[in-house]
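Chemist: Sharing a structure here in structure tokens format.
The values are calculated or read from the model by the stated rules, or taken from the named source; none is laboratory data. Not measured: the values here are computed from a predicted model. Here the Cβ is made from the backbone with ideal geometry for all residues, glycine too, and neighbour counts use every protein chain on show.
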Amino acid sequence: MEEKTETETVTTTADTNFEEIFVNYLRYERNMSPETIRAYEKDLHQFLRHFAKGDGELTHPGEITTLQIREYLGHLKEKNYQKTTIVRKLATIRSFYKCLNRKGLVSTNPLAEIPTPKVEKKIPHFLSTEEVEKLLNAPQGTGFQSVRDRAILETLYSTGLRVSELTSLNVGDVDTTQEVVKCRGKGRRERVVPVGSFALQAIRAYIDLRAQVPQTNEKDPEALFLNRFGDRLSSRSIRKIIDKYIRVTGLNEKTSPHTLRHSFATHLLNRGANLRMVQELLGHKHLSTTQIYTHVTTEAMRQAYQAAHPRQ
């Protein structure tokens, strides 16, 4: 029996919308978050357009060879894309072909012989406890936005939630009796995370104040964090809010909304928390993802040793 060539494909219609197929696969089969889907969709769009024919018609994915993909990765490198970005784009293409293979739209995988480049993991930037206090105290006043922003910052640091997880919180997800919040993480996996007394106090103050402003509760009454028009806050909006307080406090320019999550994990480990426990709290699927924080704590110990030991 004659073997299939690399470019041979399963018969399909010429107008197949491969991008739509992939997005639906990510949304309904992989249960990815809207933000992750948008990033994957953007990467795939760039990839497919790179191989568009002279008349603008897209090349069937099954006709793209391993050599062409290697050349595409080289093209990204020439365009000065960072190594981490290229690795992410390669992961998107892998997922794309995995999807098409499962659905019988291609018969081979041109990425099978392409290894993923190793990327050195950067030690995440985190804040000291004093810097965290400075940031958490930045929202001043008793108005709706100030009280809400204080609750947002306190909740992020107290729970280690991702910004996207924070936006998905509903009022009913906060259990003030058990002092926990239920969140939906990557892959829509649910987990329960303890929340501290300072964060609970800030959340209660915000909910009490919100109840006095009826118009903010009309559009999405279930959502925990709302804007002044009553809509659920988006990840982009929360990032803007946090960026504002980062500027106000004059913190290191490396500081980002994700820094609170890094600080949460680092401070727990510095105070003796178990790595497995921190993995559960962060919602990491693999322990290796959490282990990056051990490098942070090791570096902190090294610096403390060099500063304090008399023979340094």
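Chemist: Out of the residues in the range 158-180 that are within 16 Å of the chain's Cα centre (by Cα) and not aliphatic (A, V, I, L, M), state the one that is surrounded by the most Cβ atoms within 10 Å (Cβ to Cβ). Walk me through how you get there before you give the answer.
Modeler: At the first step, the residues of the range 158-180 found to be within 16 Å of the chain's Cα centre (by Cα) are 159-169.
Of the ones still in play, those that are also not aliphatic (A, V, I, L, M) are 159-160, 162, 164-165, 167-168.
Values: Thr159: 24, Gly160: 22, Arg162: 21, Ser164: 18, Glu165: 22, Thr167: 22, Ser168: 20.
The residue in question is Thr159.
Chemist: Against the definition (touching a helix residue (DSSP H, G or I) at 6+ places or on another chain (Cβ under 8 Å), small (Gly, Ala, Ser) and modelled with pLDDT under 95), how does Ala223 come out, yes or no?
Modeler: yes
Chemist: Oh, and also: Name, by its number, the condition in (1) of a type outside the set (Ser, Thr, Tyr); (2) surrounded by 13 or more Cβ atoms within 10 Å (Cβ to Cβ); (3) modelled with pLDDT under 80 that does not hold for Met301.
Modeler: Status for Met301: all satisfied but (2).
Chemist: Between His50, His45, which is loosely packed, with under 14 Cβ neighbours inside 10 Å, at pLDDT 90 or above and either assigned by TED's automatic domain parsing to the domain that holds Val23 or out of contact with any Ser or Thr (no Cβ under 7 Å at 6 or more places or on another chain) (or both)?
Modeler: His45
Chemist: Identify the residue in the range 231-250 that is touching a helix residue (DSSP H, G or I) at 6+ places or on another chain (Cβ under 8 Å) and in a loop (DSSP other than H, G, I, E, B) and, among all such residues, is surrounded by the fewest Cβ atoms within 10 Å (Cβ to Cβ).
Modeler: In this case the residue turns out to be Ser234.
Chemist: Looking at the range 249-265, I want the residues that are within 21 Å of Ala199 (Cα to Cα) and have a partner that is among the aromatic types (Phe, Trp, Tyr) with Cβ atoms under 7 Å, at least 6 apart or on another chain. Which pairs are those?
Modeler: Close Cβ pairs satisfying both conditions: Thr259/Phe126; Leu260/Tyr157; His262/Phe126; Ser263/Phe126; Ser263/Tyr157; Phe264/Tyr157; Ala265/Tyr293.
Chemist: With the structure loaded, tell me whether Glu133 is in a helix (DSSP H, G or I), farther than 25 Å from Thr92 by Cα, free of Cβ contacts under 8 Å to residues at least 12 places away in the same chain and not β-branched (Val, Ile, Thr) or whether it fails that test.
Modeler: Taking the combined requirement at face value, the residue satisfies it.
Chemist: I'm told Cys183 meets every condition in (1) in contact with a helix residue (DSSP H, G or I) (Cβ under 7 Å, 6 or more places away or on another chain); (2) surrounded by fewer than 20 Cβ atoms within 10 Å (Cβ to Cβ) except one. Can you identify the failing condition by its number?
Modeler: So the condition that Cys183 fails would be (2).
Chemist: Please pick out the residue among Arg204, Arg261, Arg228 that is in a helix (DSSP H, G or I) and more than 17 Å from Val132 (Cβ to Cβ). Let's see the steps before the verdict.
Modeler: Numbers: Arg261 fails: more than 17 Å from Val132 (Cβ to Cβ); Arg228 fails: in a helix (DSSP H, G or I).
Only one candidate passes the filter, namely Arg204.
Chemist: Would you check if Ala52 is of a type in the set (A, V, I, L, M, F, W, C) and free of Cβ contacts under 8 Å to residues at least 12 places away in the same chain?
Modeler: yes
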